[in-house]
Amino acid sequence: GGFLIYAAAALSQDYPSKAIRVIVPYAAGGGGDVVTRIVMQRLTNSLGKSVVVENRTGGSGIAGTQAVATAAADGYTFLQASATNIAVLPFITKLPYSPGDFAPITVLGSQPHVVVVPSALPVKSIADLVALAKRRPGDLNYGSSGNGGPNHLGTELFKLDAGVQITHIPYKGNGLVLIDLVSGQIQLGIMSMAPTLPHIKTGKLRALAVTSARRSSILPELPSVAEAGLPGFEQGSWNGLLAPARTPPAVISKLNNEISAILKTSAIRERYAVEGVEAGAMSPGEM
């Protein structure tokens, strides 16, 4: 036992001895990519070794996720994980990996979504929206970034809880959903905050509620969906860091400590607010 403890202590003091790679399984510029880069830039400074973010796209995040599932568990390759590639896809499609192929490090940030309608739609609240959808079942359309994504699942959950019929229109990305929301082609979106905030500020979209369990510090004037009439409703997306399953516990604990310290700084909270993200430091067990 003593030797193992000594080896772990030596490992954590000498670690890292070279550059670390974090694979983002999606294209550059998406919400998870931005959050990961914000934190990894600061982790580079605190570790004194480069933390390189590499985008490896393909198959809804499957290619990059699989690359980390099979990588050496030596503390030098990690995965930017999201609700989609780890918590949703394994339950709706056959995958070359499973959540058990990874060890959690921490959540980097969570993103409540915001329920928006075009400003021309005569709807001022969640109650108004539900009433309109009940009067015109199936007539209203909502957009999502595709099947299985957070805004698809979030809106389906909303429909179930509210007992309404609203028709799903899948798009190839949230940018296209926003264009059709602003022009009134579709009537509803449950969207990530960052790309949606500018349209709320200019008045082209009306925000009705946020999907977090409590109000969000980013739009404090908006009620939560739960508060606005659907008790227990909670939805959003998160991004975090995972390691291959057999990564040494000393490495996981060191990275968790370093990242937790970064996430507690006011500089990160301010930088995150611009992206519509709330800091999410937690232990590997909580994650």
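Can you name the residue in region 69-91 that is assigned to a helix (DSSP H, G or I) and small (Gly, Ala, Ser) and is also surrounded by the fewest Cβ atoms within 10 Å (Cβ to Cβ) among such residues?
ALA87
Could you please let me know if ALA87 is without any contact (Cβ under 8 Å) to a residue 40 or more places away in the chain and under 20 Å from the mean Cα position of the chain (by Cα)?
yes
For region 52-68, how many residues meet the condition of being touching a strand residue (DSSP E or B) at 6+ places or on another chain (Cβ under 8 Å), outside any loop (DSSP other than H, G, I, E, B) and under 16 Å from ARG21 (Cβ atoms)?
8
Give the residue, chosen from THR202, THR211, that is more than 30 Å from TYR76 (Cβ to Cβ), among the polar types (S, T, N, Q) and in contact with a His (Cβ under 8 Å, 6 or more places away or on another chain).
The match here is THR211.
Which ones in region 134-150 are farther than 21 Å from LEU205 by Cβ and open to solvent by less than 20 Å² (accessible area, probe 1.4 Å)?
The one that is farther than 21 Å from LEU205 by Cβ and open to solvent by less than 20 Å² (accessible area, probe 1.4 Å): GLY148.
Please enumerate the residues belonging to region 129-153 that are farther than 20 Å from ILE179 by Cβ, in a helix (DSSP H, G or I) and touching a strand residue (DSSP E or B) at 6+ places or on another chain (Cβ under 8 Å).
The one that is farther than 20 Å from ILE179 by Cβ, in a helix (DSSP H, G or I) and touching a strand residue (DSSP E or B) at 6+ places or on another chain (Cβ under 8 Å): LEU129.
Working only within region 97-126, note down all residues that are open to solvent by less than 20 Å² (accessible area, probe 1.4 Å) and either farther than 30 Å from GLY64 by Cα or assigned to a loop (DSSP other than H, G, I, E, B) (or both).
TYR97, VAL115, VAL116, VAL117, PRO118, VAL123, ILE126
What pairs can you find where one residue is in region 144-168 and farther than 22 Å from GLY61 by Cα, the other is part of a strand (DSSP E or B) and open to solvent by less than 20 Å² (accessible area, probe 1.4 Å), and their Cβ atoms are less than 7 Å apart, with a gap of 6+ or different chains?
PHE158/ILE190; ILE166/TYR142; ILE166/LEU188; HIS168/TYR142; HIS168/SER144
Name the residue, out of LEU129, LEU160, LEU153, that is surrounded by fewer than 14 Cβ atoms within 10 Å (Cβ to Cβ), within 30 Å of ASN239 (Cβ to Cβ) and not small (Gly, Ala, Ser).
On inspection, the qualifying residue turns out to be LEU160.
So which of LYS94, LYS18, LYS49 is modelled with pLDDT under 95 and not in a helix (DSSP H, G or I)?
Going through LYS94, LYS18, LYS49 in turn, just one is modelled with pLDDT under 95 and not in a helix (DSSP H, G or I): LYS94.
I'm told LEU208 meets every condition in (1) of a type in the set (A, V, I, L, M); (2) in contact with a helix residue (DSSP H, G or I) (Cβ under 6 Å, 6 or more places away or on another chain); (3) buried (at least 21 other Cβ atoms within 10 Å of the Cβ); (4) over 23 Å from PRO170 (Cβ atoms) except one. Can you identify the failing condition by its number?
Going through (1) of a type in the set (A, V, I, L, M); (2) in contact with a helix residue (DSSP H, G or I) (Cβ under 6 Å, 6 or more places away or on another chain); (3) buried (at least 21 other Cβ atoms within 10 Å of the Cβ); (4) over 23 Å from PRO170 (Cβ atoms) one by one, LEU208 breaks only (4).
Output the number of residues of region 35-68 satisfying the condition of being open to solvent by 20 Å² or more (accessible area, probe 1.4 Å) and either more than 21 Å from the chain's Cα centre (by Cα) or not basic (Lys, Arg) (or both).
The total comes to 20.
Working only within region 264-287, note down all residues that are in a helix (DSSP H, G or I) and either surrounded by 14 or more Cβ atoms within 10 Å (Cβ to Cβ) or among the hydroxyl-bearing types (Ser, Thr, Tyr) (or both).
Matches in region 264-287: SER266, ILE268, ARG269, ARG271, TYR272, ALA273.
Kindly check whether there is at least one residue in region 244-263 that is part of a strand (DSSP E or B) and either open to solvent by 50 Å² or more (accessible area, probe 1.4 Å) or within 16 Å of ALA103 (Cα to Cα) (or both).
Looking through region 244-263, at least one residue is part of a strand (DSSP E or B) and either open to solvent by 50 Å² or more (accessible area, probe 1.4 Å) or within 16 Å of ALA103 (Cα to Cα) (or both).
The values are calculated or read from the model by the stated rules, or taken from the named source; none is laboratory data. Remember, it's a predicted structure, so these values are computed and weren't measured experimentally. Methodologically, a virtual Cβ is constructed for each residue, glycine included, from the backbone with ideal geometry; neighbour enumeration extends over all protein chains shown. Note: areas computed on protein heavy atoms with side chains; ligands, DNA, RNA excluded. Shrake-Rupley method; radii C 1.70, N 1.55, O 1.52, S 1.80 Å.
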